[in-house]
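Have a look at the structure below, then the notes.
The values are calculated or read from the model by the stated rules, or taken from the named source; none is laboratory data. As the structure is a computational prediction, the values presented were derived from the model and not from experiment. We place every Cβ from the backbone using ideal geometry, glycine too, and count neighbours over all the protein chains shown.
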Amino acid sequence: MKKLIAIATFIAFGAASATFAGTRVEIKDSAQARAEAVMRARSDHPQTQVAPNGQLRVVVTSDMIMRSCCMPPHLVVGGKITNVSGRPIDYVRLHFAFEDRNGKVLHGESLYNHHAESLSDDAWVQKILNEKPHFDPIRPGQSDTFRFSIPCSELPRFSKVELFSNDIKQ
């Protein structure tokens with residue numbers, strides 16, 4: 001019986017060593033690891049956190065740093081807002097707050113929902129487009145979109161991005 005256990009143990013270790021012998025561990029040289037860390041650091045950023053709002057449901061559908069050969073990197077945040085109140089909403093002004101580790105706001109940006117974008121046009125743009133600022137109300141249960149883009153070179157080093165949607169016109 002002891003011989004049988006010894007033979008079974010020997011066979012088990014033999015099979016395991018043959019299995020593990022085929023395992024490959026990729027060893028990266030330090031220059032390649034450094035380059036990958038730099039690329040990860042350039043692409044990583046704090047994801048946008050949505051502040052709760054009882055009248056709107058805000059969902060961030062994309063949050064990334066876009067790179068191109070023809071322009072500097074841009075932080076691009078897009079999403080969808082849904083009216084969950086019982087009344088129509090004329091428009092929503094969304095506010096982005098870029099904060100440091102202590103919660104101090106370092107930079108702020110704002111924009112209107114897609115159907116009210118013309119509210120941010122200045123007089124010169126209105127004259128060129130020959131239109132007045134206008135908006136399409138968001139009825140209860142309806143949705144609209146938003147898209148925010150800013151060159152990363154215009155942003156300070158930040159640790160947190162918050163999106164506030166409490167500037168609502170009904």
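Assorted remarks:
- Taken over the range 74-108, the criterion of being of a type in the set (D, E, K, R) and over 18 Å from Ser149 (Cβ atoms) is satisfied by Arg87, Asp90, Glu99, Asp100, Arg101, Lys104.
- Here the range 115-132 is the region considered, the condition is being surrounded by 15 or more Cβ atoms within 10 Å (Cβ to Cβ) and among the small types (Gly, Ala, Ser), and the residue that is modelled with the lowest pLDDT is Ser118.
- Phe135 passes every criterion in (1) at pLDDT 80 or above; (2) surrounded by 18 or more Cβ atoms within 10 Å (Cβ to Cβ); (3) more than 25 Å from Asp44 (Cβ to Cβ) apart from (1).
- Residue within the range 82-95 that is assigned to a strand (DSSP E or B) and at pLDDT below 80 present: yes
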